[in-house]
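The structure appears below as structure tokens.
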Amino acid sequence: MGWKDIKIENVDQIEKCVAEFEITALDFFENLYDGDILHYGAFKVKVYETQIVQFNPDKDFNFIGYTNLKLKDSSGGYEGGIGSGVSLEQALEETIRDFMRKLTEYKAQKSAGLCKEDFVLVDYDEF
């Protein structure tokens, strides 16, 4: 029996952390910041495999990725990159692309460079 076959009463699903990646994008971040200081030039992505296939109108997936660096959203909360896919690699790529898109859009809305206060780094034990 594999971990995907485990069924426990009152447990909806189990997710397994299958990979953690360090993403370095110094040139990209350099263009986002206001001033000469690069507060963040890298971030991490964790990819989880879910016990059950998730359904969404566009596709089925069972890998989900999350970033440890989050960006302030319009409501004052923080939102990171999220991606999904049928493979670990697809979820990783979608997570990176989603986060970079959010950063670019946020800078355009702000009409200025980003600063350290626009970000929060998730504590390692919460990531």
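All of the numbers you see were taken from the coordinates with simple rules; none came from a lab. Keep in mind it's a predicted model, so treat the numbers as computed, not measured. Reconstructed Cβ throughout: ideal geometry from the backbone, glycine too, with neighbour counts over all protein chains shown.
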Whole-angstrom Cα spans of the chain along principal axes, big to small: 55, 32, 27
Degrees between helix 88-110 axis and first principal axis of the chain (Cα, 0 to 90, nearest 10): 30
Packing-based order for 39-46, 71-78, using average beta carbon neighbours within 10 Å, highest first: 39-46, 71-78
Entries of Lys4/Lys70; Lys70/Lys110; Lys7/Lys46 with Cα pairs more than 18 Å apart: Lys4/Lys70; Lys7/Lys46
The chain, relative contact order in percent, only Cα pairs under 8 angstrom and at least six apart counted: 22
Region 1-38-region 79-127 distance, computed between alpha-carbon centres (Å): 10
